[in-house]
Amino acid sequence: MTTKPETAIILGTGLGQLATEITDSYEFSYSDIPNFPVSTVEGHSGKLIFGKLGGKDIMAMQGRFHYYEGYSMKDVTFPIRVMYELGIKTLFVSNASGGMNPEFKIGDLMIITDHINFFPEHPLRGKNFPTGPRFPDMHETYDHALIKEADQIAEEKGIRVMHGVYVGVQGPTFETPAEYKMYHRLGGDAVGMSTVPEVIVAHHCGIRTFGISIITDLGLEDTPVEVSHEEVQVAANNAQPLMTEIMREMIRRA
Ligand code: HPA
């Protein structure tokens, strides 16, 4: 069987279910791919899945690499380089995040309209790859047409979606109340520990990107609420069917 996917999807938190819907699939364990890092976090398994979803050839990454695990930025973004080499044109990503916008509720889906990069190391630091310019423009890092399409799909299906700016931080601590407050005042609507490095590299490679974040906990000013990894996973699992519905339809229309 041959496959020529132009669509890739990072099955982050809340999208695991989508893996079970991929047909005609064949899988490569990360540990069998030269130079591929191996994922270690609870709840993340590591393999590349090739197959069909919504009638499309797709490539899915099950299990991603987080900077807080100790990987270098080159490791974290290596799979995006592989996607580029394989001819991927559009990337879908998901993640979990802490909501700072007072309009948000736990379990909300936030379409990522932009990001603020707070990682301590830039993924494009070092010799420039010829996939893009040395100093990339970042005005439309999250593709506007894809955002519009997601809004339409959400409206058709009666799914509540919020829009917002995702602040990418290294973790692994969740934020202190003062940090949530700061990130909110700086223009962030949600904060999380992934996505930004991969999206920057995808953008540099000319790959169109669309991302949704599940608001799994809230860091609202002056109402501190404790958060745990388990709570994040429960909230993400609950929101999973709606996230999956939107992403499945986005891929079908891609
Ligand atoms: N902060 C950072 N990362 C997260 C959070 C949070 O509140 N929730 C889920 N991932």
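A few points about this structure:
- Those GluC sites (Glu not before Pro) in region 196-240 that DSSP places in a loop and that have at most 14 other beta carbons within 10 Å: Glu221, Glu226
- Cα shape, region 149-239, gyration tensor, a/c 1.5 rule: oblate
- 28 Å Cα cut-off, lysine pairs counted over region 1-105 (separation 8 or more, or different chains): 11
- Surface accessible to a 1.4 Å probe, per residue, for the residues of region 146-202, Å²: 42
- Region 91-142 versus region 202-254: alpha-carbon centroid distance in Å: 13
- Per-residue SASA entry for Phe78, accessible area with 1.4 Å probe, Å² rounded to 10: 60
- Among Ala190, Ala236, Ala145, the residue with the largest mean-square fluctuation in a Gaussian network model of the chain, with springs joining Cα atoms closer than 10 Å, is Ala145.
- Fully extended contour minus Cα-Cα distance, from Gln170 to Thr2, at 0.36 nm per residue: 56.7 nm
- Cross-link reach is defined here as a Cα-Cα straight distance under 15 Å, omitting same-chain residues fewer than 8 places apart; for Lys148 the aspartates and glutamates meeting it are Asp114, Glu140, Glu156, Glu249.
- Ignoring the sites themselves, the chain has its longest run without trypsin sites (Lys or Arg not before Pro) in a DSSP loop having at most 14 other Cβ atoms within 10 Å at 1-104.
- Computed helical MRE - 222 nm, the chain, DSSP H runs ≥ 4 contributing -39500 (n - 2.57), nearest 500: -9000 deg cm²/dmol
- Ala254 long-range amide H proximity, modeled H, under 5 Å: none
- Cα gyration tensor category, rounded, prolate or oblate, for region 1-156 with a/c compared to 1.5: rounded
The values are calculated or read from the model by the stated rules, or taken from the named source; none is laboratory data. Keep in mind that this is a model prediction, so the values were computed, not measured. Neighbour counts are summed over all protein chains in view; Cβ atoms, including those assigned to glycine, are modelled from backbone coordinates with ideal geometry. Only protein heavy atoms, including side chains, enter the accessible area calculation; ligands, DNA and RNA are left aside. Shrake-Rupley method; radii C 1.70, N 1.55, O 1.52, S 1.80 Å.
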